[in-house]
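A short worksheet on the structure shown next.
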Amino acid sequence: MPISSSLQKLLGNSLLKLEGDDRLDINCTLPLTDQIVLVGSEEGLYALNVIKNSLTHIPGLGSVFQIQIIKEQEKLLMIVGDERALCLVEIKRVKQSLAQSHLPSQTELAPYIFETVKGCHLFAAGRVDNGPCICAAMPNKITILRYNDNLNKYCIRKEIETLEPCSCIHLTSYSIIIGTNKFYEIEMKQYVLEEFLDKNDVSLASAVFAASSHSFPIAILQVASSMQKEEYLLCFHEFGFFVDSYGRRSRTDEIKWSRVPLSFAYREPYLFVTYFNSLDVIEIQGHSAVGPAVLAHLDIPNPRYLGPAISSGAIYLASSYQSKLRVICCKGSLIRESGELQRTGSSRGSPSKRCPPTYTEHITKRLTSGPGSHDGLHREPSTPHRYREGRTEFRRDKSPARPLDREKSPGRVLDSRRERSPGRFGDSTRLHAGSVRTQLAPVNKVCTRRWSQ
């Protein structure tokens with residue numbers, strides 16, 4: 001049974017196929033140029049030439065778990081090694097090493113290691129409050145680093161202990177939003193921390209209760225950005241909903257995941273949700289959109305989100321079965337071109353029908369000729385399956401059903417909501433009519449450190 005042409009289009013081409021001793025345990029990817037994609041794996045850093053379909057090792061680093069480009073400084077920010085250390089590497093050194101790949105020996109990279117930021121499982125970097133900023137997450141705290149122009153380096157400015165390991169980080173132009181046991185927002189003038197969701201928004205009552213009792217934050221995705229309006233999709237274990245920059249609901253509908261989600265990625269206007277053995281592609285429509293949303297459900301063996309693709313509206317996925325691994329480009333931009341894809345309402349449950357024939361069915365048929373051919377294929381689990389990457393493996397309680405202590409906060413105590421600078425923490429006139437700043441509950445666990453540099 002061959003794969004339908006529409007599914008082939010949506011999955012795109014396989015960028016890389018590895019099997020046996022050549023197989024890598026890939027953690028992440030990042031486009032470096034229009035032709036080169038950096039590949040971070042347990043075995044080290046590699047460069048994939050998507051034109052030549054060739055893979056080149058770049059020596060000097062151990063395991064690579066996350067990569068991001070800091071354009072202003074022409075550097076790569078990474079989590080590397082057994083200690084999961086945060087480090088910086090000059091992009092020109094990476095390109096020099098690639099240029100020497102034909103020589104008997106390449107120049108090894110010499111990363112700058114942040115000695116005080118180790119055991120890191122997640123970070124985000126960008127410009128906050130008109131300056132370069134890094135927020136790195138460890139199992140029991142987050143560390144905020146700001147760039148010091150006089151010292152020409154990043155310096156630690158704040159550490160905040162967390163009740164639960166941080167699962168997601170998003171940098172706005174004036175604050176940092178993190179997900180731990182709840183979503184919190186950190187103001188960057190005085191590093192004041194408060195809950196992100198507005199408790200005065202009665203439309204969020206059921207969602208806030210569910211999130212605090214049996215669900216937990218997984219991701220925060222910015223789905224709209226303009227001078228007048230920012231919008232975020234907050235993803236929890238069982239559902240997701242949209243809020244504005246004030247933490248107030250911006251759309252009446254919610255998105256319910258068809259299975260237990262492992263990871264989320266957004267490439268405008270498409271949301272990609274990976275599950276244990278499948279993938280959902282959901283089109284996030286604008287407020288003025290007419291008609292039902294479009295959903296594609298694909299069965300893919302053990303998918304792992306790696307990073308954004310070179311082309312817009314697409315991501316890279318790793319799919320493994322038996323001893324084989326493929327890196328796939330999933331093209332959300334082709335979702336409307338397939339007549340076999342589903343159209344759903346605003347609230348989504350489990351898909352009522354599958355897209356025939358699925359990728360898993362295709363692989364199964366190919367493997368049926370050999371003995372024990374089904375051993376490498378797995379069913380969807382009935383219980384939550386924790387994603388193997390660091391941002392979830394550090395959760396101390398493996399069960400999402402454990403009620404969380406709502407009297408605890410990951411940071412300092414606030415007597416009342418503070419004045420806010422441009423946006424959420426700024427001029428009080430930006431607050432919605434009728435909004436009231438309420439006191440936060442006292443906390444039992446507070447541990448913050450301020451750094452003078």
May I ask you to compute the full-extension gain from residue 112 to residue 190, defined as 0.36 nm times their residue separation minus their alpha-carbon distance, rounded to one decimal in nm? 25.2 nm
Equivalent ellipsoid semi-axes, the stretch 121-191, via Cα gyration tensor eigenvalues times 5, rooted, Å: 20, 13, 10
With all protein chains in place and a 1.4 Å probe, residue 102 shows an accessible area in Å² (nearest 10) of 150
Beyond 17 Å, the calculated P(r) of the stretch 201-332 holds a percent of Cα-Cα pairs equal to 60
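Suppose we look only past 19 Å in the calculated P(r) of the stretch 212-279. What percent of the Cα-Cα pairs does that tail hold?
The calculated P(r) of the stretch 212-279 puts 33 percent of pairs beyond 19 Å.
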With 0.36 nm assigned to each residue of separation and the Cα-Cα distance removed, residue 202 to residue 91 gains 35.1 nm
Mean projected area (nm²) from the convex hull of Cα positions in the stretch 7-77 is 5.9
So what's Rg/Rh here for the stretch 72-221, counting alpha carbon atoms and using the Kirkwood radius for Rh? 1.07
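Of 95/182; 71/189; 17/153, which ones are farther than 32 Å apart at the Cα?
95/182; 17/153
By its C-alpha gyration tensor, with a ≥ b ≥ c as the square roots of the eigenvalues, how is the stretch 159-225 shaped: rounded for a/c under 1.5, else prolate for a/b larger than b/c, else oblate?
prolate
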Could you give the length gained on full extension between residue 129 and residue 268, defined as 0.36 nm per residue of separation minus the Cα-Cα distance, in nm? 47.5 nm
So what's the projected area for the stretch 1-153, the Cα convex hull averaged over all directions, in nm²? 12.6
Over the stretch 131-237, what is the relative contact order in whole percent, taking alpha-carbon pairs under 8 Å and six or more residues apart? 16
Which whole-number value in Å² is the accessible area per residue of the stretch 151-194, probe 1.4 Å? 23
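The values are calculated or read from the model by the stated rules, or taken from the named source; none is laboratory data. Please read these numbers as outputs of a predicted model, since none were measured by experiment. Side chains included, ligands, DNA and RNA excluded: accessible areas come from the protein's heavy atoms. Shrake-Rupley method; radii C 1.70, N 1.55, O 1.52, S 1.80 Å.
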